[in-house]
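The values are calculated or read from the model by the stated rules, or taken from the named source; none is laboratory data. Worth saying up front: this structure is predicted, and the values here are computed from it rather than measured. Cβ sites come from the backbone with ideal geometry, for glycine too, and all protein chains shown count toward neighbours. For the accessible areas, the whole protein counts, side chains as well, though only heavy atoms, and no ligand, DNA or RNA atoms are used. Shrake-Rupley method; radii C 1.70, N 1.55, O 1.52, S 1.80 Å.
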Amino acid sequence: MSLDDRTIEAIHTGVSAGGSVVFVSGAGISAESGVRTYRGEDGMWTTDGAAAMSKATLAYFSRYPERSWQWHLDRRAEVLSAEPNAAHEALVRLEAVLGDRFALITQNVDRLHIRAGNSTRRTVEIHGHYGGMRCTAGCVGVVPIPNEFDAWRDEPNWPKLRDLLVCLRCGFATRPHVLWFDEFYDEANYRMKTAGSLAARASLCVTVGTSGGVPVAARLAGIAAKAGAVLIDVNPTDGDLRQLALRSPGGAAIAAPASDAIPVIVDLIESQVRGVDRI
Ligand code: APR
């Protein structure tokens, strides 16, 4: 695909300003990997209804810890069977080009950015991820969900498997390392302060594949814009983030799927940074 002049100008201005290039991703970037989004026609909250949303809560976990774990293990099995797509891969290439000028803030819990090859240091998973669990008694740290669960859908083995979901340090129960609807963003578990600082250092901020259904992506883009960053939104469908980008000074929007748009954006940034005049 080719980019229009407004988008090319936005990228050029944002990169030339010399700050960081920050991507804020949502479920749409993984849609072409076959991972369900949340709010679209086939989105999880649309097809599975309000009952599914109520499972993504601390209240549900507190009341039904085993059912909650099983629901999360089902979700984990879905994402483990997916592979990163061209958009994820392009962001790995961009991190290699930009080094510490690159940051990725993702709302996604599918870990496809990390599996593609982005570093955990420069990737902030503000909603946690399905690969991890942590102690409910507060022992610090996230540990991987044991490999024994990779073949999940094996519910008959649950009585044996559930014993693996305990903290190795204190023996207390663990919980999935994901932020639930009735919880708050924090730094210790979700690096929210870090995400805000990264956004404030951006001179180019690209939102991709997010509906704005939870306000965090718009808040981060707003922090970046306030600090002078150029905003670009990538989404085949119109929404709040597109309108925010188009209203912001020098901002632009690409109405295309992530796997088409992100590799082209990355090519352009790479050419500019390496001093190749393809603009
Ligand atoms: N490329 C880019 N964007 C796409 C694509 C694609 N191929 N396919 C769909 N989209 C867009 C949709 O148009 C929609 O705007 O991705 C967006 C997905 O929106 P949501 O399903 O609301 O996902 P997201 O914005 O990431 O949700 C935020 O809400 O439920 C919570 O914690 C959950 O992290 C999630 C958060």
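Once the dipole of region 5-276 is set up with Lys and Arg at +1 and Asp and Glu at -1 on Cβ about the Cα centre, which of Ala151, Leu268, Ile105 lies farthest towards its positive end? Farthest towards the positive end: Ile105.
Averaging the sequence gap over all C-alpha pairs within less than 8 Å and six or more residues apart, then dividing by the number of residues, gives region 5-276 a relative contact order of 26 percent.
At the residue level, Met192 shows approximately 40 square angstrom of accessible surface with a 1.4 angstrom probe and all protein chains present. When the surface is traced with a 1.4 Å probe over the full set of protein chains, Asp233 keeps roughly 0 Å² accessible. Among the protein heavy atoms of region 5-276, carbon and sulfur supply 54% of the accessible surface, probe 1.4 Å, non-protein parts ignored. Cross-link partners for Lys193 among the lysines, with Cα-Cα distance under 21 Å and sequence neighbours closer than 8 places in the same chain left out: Lys226.
Charges were assigned to the Cβ only: +1 to each Lys and Arg, -1 to each Asp and Glu. The resulting dipole of region 225-279 about its Cα centre is roughly 200 debye.
For region 231-240, the Karplus equation 6.51 cos²θ - 1.76 cosθ + 1.60, evaluated at θ = phi - 60°, returns couplings of 9, 10, 10, 10, 5, x, 10, 5, x, 4 Hz by residue, with Gly and Pro reported as x.
I'd like the trypsin sites (Lys or Arg not before Pro) in region 47-143 restricted to DSSP loop residues with at most 10 other Cβ atoms within 10 Å, sorted by number. Here the trypsin sites (Lys or Arg not before Pro) that fit, given the DSSP loop and packing criteria, are Arg121. Using the 1.4 Å probe convention, the accessible area of region 5-276 works out to 44 Å² per residue with neighbouring protein chains retained. Summarising the label geometry, the points placed 7 Å from Cα in the beta-carbon direction at Glu187 and Asp42 lie 4.1 nm from one another. Computed about the Cα centre, the dipole magnitude for the chain is approximately 880 debye when only Lys and Arg (+1) and Asp and Glu (-1) carry charge, each at its Cβ.
For chymotrypsin sites (Phe, Trp or Tyr not before Pro), the sites in region 119-189 that DSSP calls loop and that have at most 13 other Cβ atoms within 10 Å are Phe172, Phe181, Phe184. Note on Arg201/Lys160: beta-carbon distance plugged into 1/(1 + (r/R0)^6) with R0 of 51 Å gives a FRET efficiency of 0.60.
Shown here for region 1-95: GluC sites (Glu not before Pro) in loop regions (DSSP other than H, G, I, E, B) with at most 15 other Cβ atoms within 10 Å, namely Glu41.
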